[in-house]
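Each remark here refers to the structure printed beneath this line.
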Amino acid sequence: METTQYLEIFIEESKEHLQAINENLLELEKNPEDMEIVNEVFRSAHTLKGMSATMGFEDLANLTHKMENVLDAIRNHKIKVTTDVLDVVFASVDDLEAMIQDIASGGDGKRNVEEIVARLKAIESGSNVEKKEKSEVREPSHSSEGNSVQYDEFETTVIQQSKEQGFSCYEVIVTLKEDCLLKAARVYMIFEVLEKCGEIIKSVPAVEELEEEHFDHRFTVTIVTKDEASEIEKKVMKVSEVEKVVVQPFADSPKQASDHSKETDHSDKEEKKKASAEKNAKDHQADGGKQRKSKNVSNKTIRVNIERLDSLMNLFEELVIDRGRLEQISRELNHPELTETVERMSRISGDLQNIILNMRMIPVETVFNRFPRMVRQLARELDKQINLEIIGAETELDRTVIDEIGDPLVHLLRNAVDHGIETKEERKAKGKPIEGTVKLKAYTSGNHVFIEVEDDGAGINREKVLKKAIDKGIVSQEEAEKLTDSEVFGLIMESGFSTADRITDISGRGVGLDVVKATIESIGGSININSVEGKGSVFSIQLPLTLSIISVMLIEVGNEKYAIPLSSIIETAIIKKEDILSAHSKKVIDFRGKVVPLLFLEKLFEVPKEEAEDDYLSVVIVRKGDKMAALVVDSFIGQQEVVLKSLGNYLTNVFAISGATILGDGQVALIIDCNALIK
Amino acid sequence: MSKISAPSVLKVIAFQLGDNEYALPIHQVQSIERLMPITRVPKTVPFIKGVINLRGVVTPIIDLRTRFGLPEKEFDDGTRIIVATLNEMEVGFIVDGANDVLDISEEFIEPQPEMVGEIEAEYITGVAKWEKRLLILLSLEKILEK
């Protein structure tokens, strides 16, 4: 079978299934008695196995199969859920992830899984040997002959009941032609035919997999009906591209003789309805029912390749530049009809912009979902008990931002687990609950998304931080006395600072927090620390919703135009020369009772221009956190939406410039990085 | 540029800078542009003239004269920007004029030149004598080194 065209879907879905397994396993660890969770994991593993077997990834299928056996044993109460058992299952999930990763990067997904398979087997055989036989049968794509179908308790009950009411139950084994092109379509047609004959109880592989063509050429449908076997066969054969149909009576237990099932009883319709209604109600919990249900909702979303969204975004960015140009022209021409049309177009493209930006938004969940595993692992290594609470995983952020925040968050979480949360003994001694809590919280507020990493650990010792900062020469003694708490805690993110007394594998090598800070600031965000000693700390990250289109204020200095992001601007003002004060030989102004330093952009940026004497100065008051500065400019041009562009790979680390944008006239304007200007 | 077998040919773009003729391998050159407005980027090294809008891509511009320590010259009608790419870096070079595209047999390329100016010597991979012309072959890697 030609499988390459499905490879992408296969990889995507495998990742989803593995993620689901991961999440459910963590859940299971908390509620080891909840068999519903085991069922969930089992379902994901089962689907994964079927898919990988169909795609020809034998190692993947093999390992999943062994894992499934263990899960099956758990499900049947043959094995108890313990941390050790889960460790092995987690390890095999790791292996599966590695294989999928390999396949995604063009490899063949082969991997030496003997060791882990042996461990899985050990667990499995440690419990019960006969289990194995049963689970072997569960493999649909591998069992070569007959496609024996395994029924769960519920399904057998339904079959039994319908038989008692005079229905027959058949297993219809359909083989499609080798060259069948639209297998999913054929499956659909066959299901329609069968649904007219009676009630479909189960199919192997499951309906979803059939619809997505995750099967070779054969599948089995179990059906309860009043029709004759030959009749069903004839009806199904009428669907084109069907190679062979075998209708065999359902034989589950010896007491149900096969000839009995062929009998057609004449029970009244009332009974039939009752039976099916009852069945439908139960279907909600049952495997088959769930998949049938999802058939109706599965078409509400589509998968779109990220690259297409990116090129859509790029095209739109071009449009934004032209929009800027058009707005400029219409202002110059001052033609009422043109102005009206341009305004209309601006509004529409504004809406379009929102939609496109929204399309690129993905929930932070995609980053968050790998953390529970990581925290669990760390806690085990450090012998701490930690509960990771994730709040607001559905909060959405632009993909470009999402790509950047993974590493900083890993770092902050490791930090919280390693340095934040105390050891069990310490916690006990302090009268805290032995289990530490780390909260990862995301929420939207205005044009920003906030992500907080909070722990209820030891907190930060203000004095210790200050002493170290002074020792390392990061601040002077005098400066240190004036710092606020949050400024002191901010010091731990300066480069060359680490308060960890001992170095562990996990964090505390003196690098890291400064990198976290740099990364977050490089994407236009900021980070703030709050801590109460003995109670815990909160690292709060503020992030922009998107990085690609931002609102700026255009200003002019000499002949040069610069853009200042609106997010940093507090307001613009015109001040009198005589209002300028001097403090410590620096020029400052009094802005609403606060002393704000004046920064002359022409001097900072060495703008070539003649000295012009003016009694008034135009200033833009910008902020970074609580700190402010007043940028002196020549004139304000106005507010505009611009597309943020990078300066390329050659020009890196340009002083106080975070990027560039292309203006309506085709010229490049640089975007001022206010964070770098305010010290 | 290893010399494997005899008549191996190097395709280059030849351009003028002062009295000398220089060349860059054509596979490193993306396009040749007329001069366009350059936005100055403050606080960068003197040979970085600024950035241009090259069909939607913000591209940094290096003045090769300044880079090689040659005297500055007013831009004129002949001034061109040669856009080159190296390791995903896209950079434009201001040159006095772009001359033509040449096929040079590698046998005419001599490795280490002695007679050219000292400052530019470090950016040079070789010299080619070609039909009475003297072409100085430049190393993009070294020019872009900081």
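Readers should treat all values here as calculations from the given coordinates under stated rules, not as data from a laboratory. Please read all numbers here as calculations on a predicted model, not as lab measurements. Note: ideal-geometry Cβ built from the backbone for every residue, glycine included; neighbour counts use all protein chains shown.
What FRET efficiency, computed as 1/(1 + (r/R0)^6) with R0 = 56 Å and r the Cβ-Cβ distance, is obtained for A:Asp94 and A:Gln248, rounded to the nearest 0.05? Please list the in-between numbers first.
On the way: r = 42 Å, r/R0 = 0.75.
Result of the calculation: an efficiency of 0.85.
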Practice task
Using +1 at the Cβ of each Lys and Arg and -1 at the Cβ of each Asp and Glu in the protein assembly as shown, identify which of A:Ile356, A:Gly558, A:Ile123 lies farthest towards the dipole's positive end.
Solution key: A:Ile123
Fill in the blank from the handout: Residue separation between A:Glu12 and A:Leu566 times 0.36 nm, minus their alpha-carbon distance, gives in nm 195.6 nm
Problem - segment A:570-679: GluC sites (Glu not before Pro) falling in loop per DSSP and having at most 12 other Cβ within 10 Å - result: A:Glu606, A:Glu610, A:Glu611, A:Glu613
Practice task
Could you tell me how many degrees, from 0 to 90 and to the nearest 10, lie between the Cα long axis of helix A:269-283 and the main elongation axis, the longest principal axis, of the Cα atoms of chain A?
Solution key: 40
Fill in the blank from the handout: To the nearest 10 degrees, the tilt of helix A:399-415 (Cα long axis) against the first principal axis of the alpha carbons of chain A is 90
Fill in the blank from the handout: Here FRET efficiency (C-beta to C-beta, A:Gln328 to A:Asn354, R₀ 22 Å, nearest 0.05) is 0.45
Exercise for the section: For segment B:1-106, run through the GluC sites (Glu not before Pro) and keep only the ones in DSSP coil with at most 16 other Cβ atoms within 10 Å of their Cβ. Expected result: B:Glu72, B:Glu74, B:Glu88
Handout entry: Virtual paramagnetic centre 7 Å along Cα→Cβ of A:Phe600, amide N under 14 Å, in segment A:623-639
Key = A:631-634
Handout entry: Rounded to 10°, Cα long-axis angle of helix A:287-297 versus longest principal axis of chain A
Key = 50
Exercise for the section: Over the whole of A:640-649, what's the average partner chain Cβ count within 10 Å per residue? Rounded to a whole number, please. Expected result: 3
Fill in the blank from the handout: Between A:Gln477 and A:Leu315, the two model label points (7 Å from Cα along the beta-carbon direction) sit apart by a distance in nm of 6.7
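Rounded, prolate or oblate for segment A:607-646? Axes are the square roots of the Cα gyration tensor eigenvalues, ordered a ≥ b ≥ c, and the cut-off for rounded is a/c under 1.5.
Note, shape of segment A:607-646 comes out oblate.
Starting with the highest mean, order A:410-421, A:530-541 by the number of other Cβ atoms within 10 Å, averaged over the residues of each peptide.
Going from most to least packed, we get A:410-421, A:530-541.
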Practice task
At most 12 other Cβ atoms within 10 Å and a DSSP loop assignment: could you name the chymotrypsin sites (Phe, Trp or Tyr not before Pro) in segment A:558-611 that fit?
Solution key: none
Handout entry: Spacing of the two label points (7 Å from each Cα toward its C-beta) at A:Met35 and A:Tyr616, in nm
Key = 8.1
Exercise for the section: Within 10 Å of each Cβ in peptide B:42-48, how many partner chain Cβ atoms are there on average? Round it to a whole number, please. Expected result: 4
Exercise for the section: May I ask you to derive the relative contact order of segment B:9-144, considering only C-alpha pairs under 8 Å and at least 6 residues apart, and to give it as an integer percent? Expected result: 28
Exercise for the section: Just check the protein assembly as shown against the gyration tensor rule for me: Cα atoms, a ≥ b ≥ c as the square roots of the eigenvalues, rounded for a/c under 1.5, and otherwise prolate or oblate depending on whether a/b exceeds b/c. Expected result: prolate
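Around A:Gln328, under 14 Å between beta carbons, what's the net of Lys plus Arg minus Asp minus Glu among the other residues? Provide the component values of the computation, followed by the final result.
Values: positive: A:Arg323, A:Arg325, A:Arg331, A:Lys561; negative: A:Asp322, A:Glu327, A:Glu332, A:Glu343, A:Glu641, A:Asp665.
For residues surrounding A:Gln328, the net value is -2.
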Problem - Segment A:Arg75-A:Ser551, extension gain: residue separation times 0.36 nm, minus the distance between their alpha carbons - result: 165.8 nm
Practice task
Looking at segment B:9-144, send over the antiparallel percent of its DSSP beta bridges, to the nearest 5.
Solution key: 85
Exercise for the section: Nearest 5 is fine: what % of DSSP beta bridges in chain A come out antiparallel, could you say? Expected result: 90
Exercise for the section: Name the shape class, rounded, prolate or oblate, that the alpha-carbon gyration tensor gives for segment A:574-625, where a ≥ b ≥ c are the square roots of its eigenvalues, rounded holds for a/c under 1.5, and otherwise prolate holds if a/b is larger than b/c and oblate otherwise. Expected result: prolate
Exercise for the section: Set the Förster distance to 25 Å, then compute FRET efficiency between A:Asp590 and A:Asp514 from the Cβ-Cβ distance, nearest 0.05. Expected result: 0.15
Completion exercise
The percentage of Cα-Cα pairs in segment B:9-144 separated by more than 23 Å is 30
